[in-house]
Amino acid sequence: MTTTAPGTPTPSSAPAARKAALRARAVAALRPGYQADLADGTERFFEPRRADCPWCGSTLLRVRLRTSDLLQHKPGRFVLDECRACGHVFQNPRLTGAGLEFYYRDFYDGLGEQRLGTVFGTRAAVYRGRARSVTPFAAAPDRWLDVGTGHGHFCERAREVFPETVFDGLDLSEGVELAEQNGRLARGFRGSFPELAPAMAGRYDVLSMFHYLEHSTDPARELAAAREALRPGGLLLIEVPDPRCRYARLLGRWWLPWLQPQHLNLVPAANLRRRLGELGFTVLLEQHHEPHDPVDLLAACWLLLDAVAPREDAPWLPGRPPGRLRRLLRGTLFLAGAPVLLLATALDRLIARFAGRAGLSNAYRLLARYEARP
């Protein structure tokens, strides 16, 4: 019989212990930089508050939501305004360039890369479903550009639906370069889409934007760039959160698609349809049931537990790293909340069957054809 010294990780726990140790070292290395960024407060991360709607120009605004960063728990308070004239929902005041850099840092990359990469990498069926929505209108597109592609997981799975199609991707992060190196993309473009679009003029048969427009500071400019990159007759496939979803009001700040401070603009479907028409597109398809992600209740419960539980260590949080007692309390709270999370999961799956008809779909999808240049 072999014995193990107290405190020595067992073989099954060793990988988790190594990951925890690596994260602790990374957090410690990042802490001085974050604390320096926060030394003068967060006010510099915001533009002046605007008095009009960025979509239609109306000054009939009302506050829709006040919240904090519920995922990373970075300091700051965020406000979403709603235009009473057109229903557009937008962050006001909006983050500056420095603010975007600060709040995106370690979310999709760095400390957050592995966690989110795992989530995105396990959604193969979702990605194939998105690609199949194009098949009634384009049997075999030649070239496809996925804007906001991240690490190219969608393109990897869409190739199973369209094996002869050449898939390119565009993103602001280094993930797009890694996706090209890993063979998920034929070509990975890194940078701002509106700035890169002129060099892509008329190149693509299909252009997709999956949960991309809500992150943009200027969605209208992104749509104009899409028109430029498409060939006449090309297809534009867009999927975004639906601010008209009834869950948005029922769950308030705990509705995950609000995703503050990353989501800057949430566009109602009617607004997007009209703008596409103005740009020379004809909408061929509008879906609400298919793009619904059945996680609303689960995510709300998880966010609430996470807000109540002692924090995990993060370089932007003040004070010393959490000790064993705080980690134990956090684990105990989530263990006690497990039945609630399981119930929420079951309800999400049940409601998903009729979410589109009941106005509970948290996203919508539009497919439009570029007919002619207006």
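In degrees from 0 to 90, rounded to the nearest 10, what is the angle of the helix 269-278 Cα long axis to the longest principal axis of the chain? Approximately 40 degrees, to the nearest 10.
Tell me, in nm to one decimal, what length is gained between Ala29 and Leu250 on full extension, where the rule is 0.36 nm per residue of separation less the Cα-Cα distance? Don't skip to the end; give the middle numbers.
Details: separation 221, 0.36 × 221 = 79.56 nm, distance 4.05 nm.
Stretched fully, the Ala29-Leu250 segment lengthens by 75.5 nm.
With a cut-off of 14 Å between beta carbons, the residues surrounding Ala139 carry a summed charge of -2, where Lys and Arg count +1 and Asp and Glu -1.
By the Cβ-Cβ criterion of under 4.7 Å, the unpaired cysteines of the chain are Cys155, Cys245, Cys301.
Applying D = kT/(6 pi eta Rh) to the stretch 157-300, where Rh is the Kirkwood radius over alpha-carbon pairs, T corresponds to 25 °C and eta to 0.890 mPa s, the Stokes-Einstein value obtained is 147 µm²/s. Computed extension length for Leu71-Glu160: 28.7 nm, one decimal, from 0.36 nm per residue of separation with the Cα-Cα distance subtracted.
Sparsely packed loop sites in the stretch 266-374 (the chymotrypsin sites (Phe, Trp or Tyr not before Pro) outside DSSP H, G, I, E and B with at most 14 other Cβ atoms within 10 Å) comprise Phe354.
Which of rounded, prolate, oblate describes the stretch 248-374, given a ≥ b ≥ c as roots of the alpha-carbon gyration tensor eigenvalues and a/c under 1.5 marking rounded, otherwise prolate only if a/b is larger than b/c? Working shown, then result.
Numbers: a/c = 4.09, a/b = 1.96, b/c = 2.09.
Because a/c hits 1.5 or more and a/b fails to exceed b/c, the stretch 248-374 counts as oblate.
Considering only Arg62, Arg231, Arg94, the Gaussian network model of the chain with Cα springs below 10 Å gives its largest mean-square fluctuation to Arg62. Percent of Cα-Cα pairs more than 19 Å apart in the stretch 169-228, please. Counting every Cα pair in the stretch 169-228, those more than 19 Å apart make up 29 percent. Normalised Debye scattering of the chain at q = 0.10, 0.13 Å⁻¹ gives log10 I(q)/I(0) of -0.71, -1.19, counting only Cα atoms as equal scatterers and leaving out solvent. Taking other residues whose beta carbon is less than 12 angstrom from the beta carbon of Arg246, and scoring Lys, Arg as +1 and Asp, Glu as -1, yields +1.
Working from the pairwise distances between different alpha carbons, so that the mean of 1/r is found and then inverted, what is the stretch 64-162's Kirkwood radius in Å? Could the numbers behind the result be given before it?
On the way: mean 1/r = 0.0602 Å⁻¹.
Value: 16.6 Å, from the Cα pair sum.
Could you compute the net charge surrounding Leu236? Neighbours are other residues with a C-beta less than 10 Å from the C-beta of Leu236; K and R count +1, D and E count -1. List each step's numbers first, then the result.
Numbers: positive: Arg227, Arg369; negative: none.
For residues surrounding Leu236, the net value is +2.
Per residue, the solvent-accessible area of the chain (1.4 Å probe, heavy atoms of protein chains only, all protein chains present) comes to 49 Å². Computed from Cα atoms, the angle from the helix 296-308 axis to the main principal axis of the chain rounds to 40 degrees.
Apolar share of the accessible surface for the chain: 57 percent from carbon plus sulfur atoms, 1.4 Å probe.
Comparing Cα centroids, the stretch 326-358 and the stretch 42-109 end up 28 angstrom apart.
Along the charge dipole of the stretch 117-192, which of Gly152, Gly129, Ala186 sits closest to the positive end, that is, farthest toward it, with unit charges on the beta carbon of Lys, Arg, Asp and Glu (+1, +1, -1, -1)? Result: Gly129. 3J(HN,Hα) along the stretch 157-173, derived from phi through the Karplus expression 6.51 cos²θ - 1.76 cosθ + 1.60 where θ = phi - 60°, amounts to 7, 5, 5, 5, 7, 10, x, 8, 7, 8, 9, 10, x, 9, 7, 7, 8 Hz, with x in place of Gly and Pro. When the chain is treated as a GNM with alpha-carbon contacts under 10 Å, the residue of Asp296, Asp40, Asp313 showing the greatest mean-square fluctuation is Asp40.
Each stretch of four or more DSSP H residues adds -39500 (n - 2.57); spread over every residue of the chain, this sum gives -11000 deg cm²/dmol at 222 nm.
The values are calculated or read from the model by the stated rules, or taken from the named source; none is laboratory data. Note that the coordinates shown come from a computational prediction; the quantities given were computed from them, not determined experimentally. Neighbour counts run over all protein chains shown; Cβ positions are idealised from the backbone, glycine included. Please note that ligands, DNA and RNA were not included when accessible areas were found on the heavy atoms of the full protein model with its side chains. Shrake-Rupley method; radii C 1.70, N 1.55, O 1.52, S 1.80 Å.
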